[in-house]
Structure formats: C-alpha cells, structure tokens
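Data first, discussion second: the structure below is written as structure tokens.
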Amino acid sequence: MNLSTDGWIPIVWNDGKPGTVSLREAFERGEEIRDLAVRPHERIALMRVLICIAQAALDGPANYDDWKGCRSRIVSSADDYLQRWRHAFELFGTGQRFLQVANLNKAATKSTGDDDGEGNSTSKLDLALATGNNTTLFDNAGGSERTFTSGRLALMLTTFQCFSPGGRIGLALWNGQETVGKGAGDHAPCLAGGMLHALLRGDSLLATLHKNLLAKRQTEQLFGQNSWGKPVWELMPMRLADAGAVRNANHTYLGRLVPLTRAIWLAGDCRSLILANGLEYGSYAEDGWREPSATIVTRTVKGQPKRVVLPASIDKAAWRELHVLTVKGVSQNTNGGPAVLQNISDEEAFDLWVGALVANKAKPVDTIESVFHVPAAMLTETSQMVYEKGVRLAENAEFWVKRAVSTYHKELGDNLDRPQMKKRRQQVQSNAAAQFWTDIERAVPRLMEVAAGRESLGLKSEWHKTAWGQSVWRAARAAYERGCPHDTSRQIRAYALGLKTLFGASVEQAEVDTEKEVEA
C-alpha cells in the first residue's frame, strides 16, 4: 500500500457523504472535501502530515505576503512533491517505509516485564482499544487477535507516532544498536505536558490546510535560526547515532511535525509488529520547544510563575480557556495560543478547532474537542480580559451553588461540612456543579458577545444586566433546584434557606470577587 495513491484518510465530502482519500486526493480534491472524519487525536496527526507535505512542497511560504498568495500553488506543488517522494510513503515492502525503521531486529527484542498478554499486536497502535494497560470498558474485544486493513493501520501508525504515551516499552536492536529508554518511554510530542491543541478551520480541507501553514519568518521567531528543516522521510535516520538526521527530526519545524517517537516495523500480516523506543523529543518544559498548535500560559509552580503548556482537561471545558487560546504569541518565550493566529487579521472572525487526547500518565483516558466561532474582537487584550472576567463570574457562581446545596442538606440534618462527610459532600456538590456547567455552556456565545461589545457591561461592570450574567444565574438556580427536591414541608424550608444562600448576597459578591480575582 502507498499512502500517496491509495485511500486511507476518512473524510466528509461537501455534500455530506463519507469517503476515503489518498494523500494526493486530499490535495487535488481539497476544495470538494468539507472536513476530516476522524477522532480528535487522529485529526491532529493527519493535519500535521498534510501541513508538513504542503510546506515542504512549497518550501515556504517565506513570509506573510507569500502566505496570502500561496493557496493557489498548494495543489500543484504537493502533487509534484508526492510523485517525487512516492517511495517514502510505502506502508510495506523491503525499501523505505512510512514512519518505520529498517533493520529493527525482532530476534534481539528483550523483555522488560511488560507482559500484556497480547505480544506484539498491531492493536497497540490504536490508543482507544483495550490493549495492554488500556481499559476494556468500551472495548470488549481486548485480548483477542485482531486484523486491520492497510488503510486503518496507516492511520493508527501516524497517530501513534504523534500521541504514544510514555511508560514501559520493549527494547530492540536498531541496526545493531539498542534502542533508547531502557524499557521506558516518554510521551510523544503531541501528548507532552498533556497539551491542548488548537487549529484554525476553513470551509474546506484545502482552506483549513492553508490557514494552518506557518511562514519561514514565523518559524525563525518561534524556533530560532536554521529551524525549518526537512520532513523525517526526506532525511530518515538510519541509526540512533545518525546525528544529522536525528537533529533534523527532533529539532526542526518540519522534522518534528511528523515524529518518529517509536521504532516500529509492521509485519505483512497486518496483525503484528516490532515496537520499541524511537527518537527522543524534548518538550516545552525541557528545552523550550513550542509545538505550533500548543498554547503557552503562565502558571504558579512551587510558588513561582512559570510558562507551561496549557493542558487539556475532561473536567474543565475548553471554552473556559478561550481568553488564553486567542492570544497571539509572537516568539518562543511569550504566552499565546496556536502560532497560526498570526495569520488572522484583527478585523477577521474565525473558526477555532480545539482538541486533545487526555492521558493519566501512561494511560489514555478520553478525547475532547470543540469548535468555536470567534469574533475578531477576541484577539484584543481588552476583550480577552472581559471574557476572562465572564468565566470567573461563572466559576464564582459554581461556588455559590455548592454553598447553597450544603445549606439545603444541613437544614435536613445531613451536615455535609463535617470532616467525615468529605466524600459525600464532594459527590453531592460535584453533581450540582456538573449540571451547572452543562447548562451554562449553551450560553457561551452570549459571553463572546459581551467580550466583543464590552460597552454592554457599563462603567461598573454590572454583569447581572448582561445576557451572559443572566444566563449564569439562571443556570445556577436550575442546577440548585435539580439537586434539591422541595416536595415536603421540611424540604421546602431547606430549599428556601439554600435559595437565600444562593441569591441573598451571592450575585453582587460574585461580581466583586470576579473583579478582585482578575485584577490579582
């Protein structure tokens, strides 16, 4: 199978019908393709491959002006490039293979105590399947022998190289040299720091691709001089001691876009593989390398401010971080969202896709994704501050919902504030909070409207007079009511006391607290 000519990328056509395309078709018919039809981490991996091919084919763009005019050249340049490098996109065969290393000696593989009962099954490449340490909760076929199509394997391999979690991994000999890590691997570049990824989205696959290209001048600002590099398939490391090829792979922009995190060789039966550590990739925390789709924020670490990658969370929805996701970062050492925000003018609304694979150490937990239609004003510092205050208002409202629930239960003789009631208190309050955040998420466009037209707040920042503020307190009351029945006389009394806690002084106090927190 050759990835440049055989279909393997799941897509949705403009008419809504599903399909599968090759790399060449993804470019040639990019205007006809509405979007990719894949899971969040697969989208990130595929976009990195497509971006890498486009940028290598264009050898640019050189600067912003070149970027504005390069869309018409992408298809023809990529087509020529994929024909020239067709041999590098073979999935099987004795020659160069896509994202696989030759001369990986299976006979020399050493045990590291990582016996998952499935040997070297290719199912390890799909992070959603129950293989090894992954849960069987949503995959009851774990432990059974699986066979995958060549197209599915290509997608799994591409995604795994970008998102392979750290942990125990086997050792092998690569061209006679033992693979790195001594049986333990680090997170792949797209998972390091648990990062939340953000990409611009267009009205077609080709438009999306164009919006996410970086100019050479931008890469110099983000990664330093001589950081452009080559795709890993153009300068494939033959061994770990191949210093020039290794440096290109892990310390240049194009080299890192499609990483070689694991040393892999697929068997022709599509069922088994050799798997060991590949190249080592430094993270932002280790050497300051800023992944193009990552967001950098300042957090307090051990009492000191420190720049870190914004992590993804299954407990905190991405919209609550939109004020930092939309900051234009201009260098390696400045806060900001995805690097391609520099391609957006300050007068242009845009669609922002946000997603990630969330892992707990070496175990994938879940995937998340959201799409936001962002008004142009959100690129300004003032609107970002207003948006942040709106988020803080909702977080303070959550606090009062929890207080009100505790008041209700205390009146009924169920004092949740006692130390021995900690677990029950957390459960009851978390249920109410989850309902609150589910309800308020529907009103996020109202928050964007306030941020974009901040005059509606007035000089005293009277949030309760805005559509967003009203939505926050409606959601707070609805969450409280759902968690606090009021049918009997005792329940009605308890309900009234809890309601007094929620609305007695909470609206004004929440707004005061919001202002103080953001100013601090």
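The values are calculated or read from the model by the stated rules, or taken from the named source; none is laboratory data. Because the structure is predicted, anything quoted here is derived from the model rather than measured. Cβ coordinates were reconstructed from backbone atoms using ideal geometry, including for glycine residues, and neighbour counts include every protein chain displayed. In case anyone asks, the SASA skips ligands and DNA or RNA and just uses the protein heavy atoms, side chains included. Shrake-Rupley method; radii C 1.70, N 1.55, O 1.52, S 1.80 Å.
Among the criteria (1) β-branched (Val, Ile, Thr); (2) without any contact (Cβ under 8 Å) to a residue 60 or more places away in the chain; (3) under 21 Å from residue 203 (Cα atoms), the one residue 334 does not fulfil is (3). Right, residue 391: in contact with a His (Cβ under 8 Å, 6 or more places away or on another chain) and more than 15 Å from residue 481 (Cβ to Cβ) or not? Yes; evaluated as a whole, the condition is true for this residue. Taken residue by residue, the stretch 414-431 has at least one member that is within 27 Å of the chain's Cα centre (by Cα) and more than 30 Å from residue 189 (Cα to Cα). Taken over the stretch 365-383, residues that are among the β-branched types (Val, Ile, Thr) and part of a helix (DSSP H, G or I) amount to 1. I need the full set of residues from the stretch 55-101 which are open to solvent by less than 30 Å² (accessible area, probe 1.4 Å) and over 30 Å from residue 150 (Cβ atoms), in order please. Across the stretch 55-101, the qualifying residues are 60, 61, 67, 70.
Among the residues of the stretch 208-226, those identified as without any contact (Cβ under 8 Å) to a residue 40 or more places away in the chain and surrounded by fewer than 18 Cβ atoms within 10 Å (Cβ to Cβ) are 220, 225, 226. For residue 255, the conditions (1) over 30 Å from residue 386 (Cα atoms); (2) outside any helix (DSSP H, G or I) are fulfilled apart from (2).
Note on the stretch 310-329: residues that are open to solvent by less than 20 Å² (accessible area, probe 1.4 Å) and under 22 Å from residue 51 (Cα atoms) total 3.
Residue by residue, here is whether (1) touching a residue at least 40 places away in the same chain (Cβ under 8 Å); (2) assigned to a helix (DSSP H, G or I) holds:
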residue	(1), (2)
388	yes, yes
393	yes, yes
402	no, yes
413	no, no
428	yes, yes
432	yes, yes
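Just the residues that are out of contact with any Asp or Glu (no Cβ under 7 Å at 6 or more places or on another chain) and open to solvent by less than 30 Å² (accessible area, probe 1.4 Å), please, taken from the stretch 430-444. Passing the criteria: 432, 439, 440, 443, 444.
Listed here are the residues, each with its yes/no results for (1) over 22 Å from residue 249 (Cβ atoms); (2) modelled with pLDDT under 80; (3) in a loop (DSSP other than H, G, I, E, B).
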{"position": "74", "(1), (2), (3)": "yes, no, no"}
{"position": "79", "(1), (2), (3)": "yes, no, no"}
{"position": "83", "(1), (2), (3)": "yes, no, no"}
{"position": "87", "(1), (2), (3)": "no, no, no"}
{"position": "96", "(1), (2), (3)": "no, no, yes"}
{"position": "101", "(1), (2), (3)": "no, no, yes"}
{"position": "105", "(1), (2), (3)": "no, no, no"}
{"position": "119", "(1), (2), (3)": "yes, yes, yes"}
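Within the stretch 333-348, being touching a helix residue (DSSP H, G or I) at 6+ places or on another chain (Cβ under 6 Å) and open to solvent by 50 Å² or more (accessible area, probe 1.4 Å) holds for 346, 347, 348. In the stretch 445-480, the qualifying residues are those that are in a loop (DSSP other than H, G, I, E, B) and open to solvent by less than 50 Å² (accessible area, probe 1.4 Å), and the one that is modelled with the lowest pLDDT is 458.
In the set (1) open to solvent by 10 Å² or more (accessible area, probe 1.4 Å); (2) not in a strand (DSSP E or B), the condition left unmet by residue 274 is number (2).
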